[in-house]
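Presented below is the structure to which this report refers.
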């Protein structure tokens with residue numbers, strides 16, 4: 001069973017540490033070994049496993065953190081335990097302060113944040129309108145400071161959960177908690193202590209005349 005908690009601006013869930021940038025942009029507070037593990041996990045997620053070709057280009061120190069499973073490489077269990085993986089998701093069609101709040105608060109709960117960007121089909125079903133295709137939205141989210149890796153959503157959320165195997169799943173202030181039977185993780189529902197009406201993509205799009 002997934003445990004539930006709430007967090008908001010000044011909420012009750014404590015931060016587990018400072019967030020750092022992925023792609024080797026490491027702040028002084030981050031240990032080199034942790035930075036290596038984070039880069040390897042991002043590589044693992046981006047390709048649904050690290051290929052033999054990518055593995056051959058890694059350093060000896062990096063290879064020590066990996067093992068082969070099902071024809072590709074992934075983090076060893078002891079290395080994976082160095083990460084507290086937080087996963088959240090959304091459409092992110094028009095980036096606004098609510099998205100920044102959600103991603104920043106989610107990042108505080110662990111040391112590796114995965115942001116899942118909804119498919120165009122899913123976005124149209126939930127929003128009814130869509131300004132930007134998934135590739136565009138994925139590019140924007142992947143360049144936000146709080147995000148370690150942005151992943152494209154797939155057909156079933158259970159498939160994404162199985163691939164990421166998060167420790168914590170965060171639902172935004174305007175998202176409904178969903179029951180998912182796949183995996184063992186804690187769920188967190190964020191609260192937002194400000195007017196949320198204009199922090200909704202649909203409201204912003206409507207105000208633009210679309």
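The values are calculated or read from the model by the stated rules, or taken from the named source; none is laboratory data. Everything quoted here is computed from the prediction, not taken from an experiment. Don't worry about glycine lacking a Cβ; one is built from the backbone with ideal geometry, like all the others, and counts go over all protein chains shown.
One residue stands out among those in the range 29-42 that are at pLDDT below 95 and closer than 16 Å to residue 145 by Cβ: the one that is nearest to the chain's Cα centre (by Cα), which is 30. Every listed requirement among (1) more than 21 Å from residue 85 (Cα to Cα); (2) surrounded by fewer than 23 Cβ atoms within 10 Å (Cβ to Cβ); (3) in contact with a strand residue (DSSP E or B) (Cβ under 8 Å, 6 or more places away or on another chain) is met by residue 95 save one, (3). Scan the range 192-201 and tell me whether some residue there is modelled with pLDDT of 65 or more and either in a helix (DSSP H, G or I) or over 14 Å from the mean Cα position of the chain (by Cα) (or both). Checked against the condition, which is being modelled with pLDDT of 65 or more and either in a helix (DSSP H, G or I) or over 14 Å from the mean Cα position of the chain (by Cα) (or both), the range 192-201 yields at least one hit.
Given the criteria touching a helix residue (DSSP H, G or I) at 6+ places or on another chain (Cβ under 8 Å), more than 18 Å from residue 140 (Cβ to Cβ), surrounded by fewer than 16 Cβ atoms within 10 Å (Cβ to Cβ) and at pLDDT 95 or above, does residue 81 qualify?
no
I'd like to verify a number: residues in the range 46-101 that are under 21 Å from the mean Cα position of the chain (by Cα), over 17 Å from residue 33 (Cβ atoms) and part of a helix (DSSP H, G or I), how many? Residues that pass the stated criteria total 6.
Could you check how many residues of the range 103-116 are out of contact with any strand residue (DSSP E or B) (no Cβ under 6 Å at 6 or more places or on another chain) and over 19 Å from residue 39 (Cα atoms)? Steps first, please.
As a first pass, look at the range 103-116 and keep what is out of contact with any strand residue (DSSP E or B) (no Cβ under 6 Å at 6 or more places or on another chain): 103-104, 108, 111.
From what's left, over 19 Å from residue 39 (Cα atoms): 103-104.
Residues in the range 103-116 being out of contact with any strand residue (DSSP E or B) (no Cβ under 6 Å at 6 or more places or on another chain) and over 19 Å from residue 39 (Cα atoms): 2 in total.
Suppose the filter is assigned to a loop (DSSP other than H, G, I, E, B) and at pLDDT below 90; does residue 209 pass it? Walk me through it before giving the result.
Working: assigned to a loop (DSSP other than H, G, I, E, B): yes; at pLDDT below 90: yes.
Yes: the conditions hold for residue 209.
What single numbered condition from (1) touching a residue at least 12 places away in the same chain (Cβ under 8 Å); (2) touching a strand residue (DSSP E or B) at 6+ places or on another chain (Cβ under 9 Å); (3) assigned to a helix (DSSP H, G or I) fails to hold for residue 177? All conditions pass for residue 177, except number (3).
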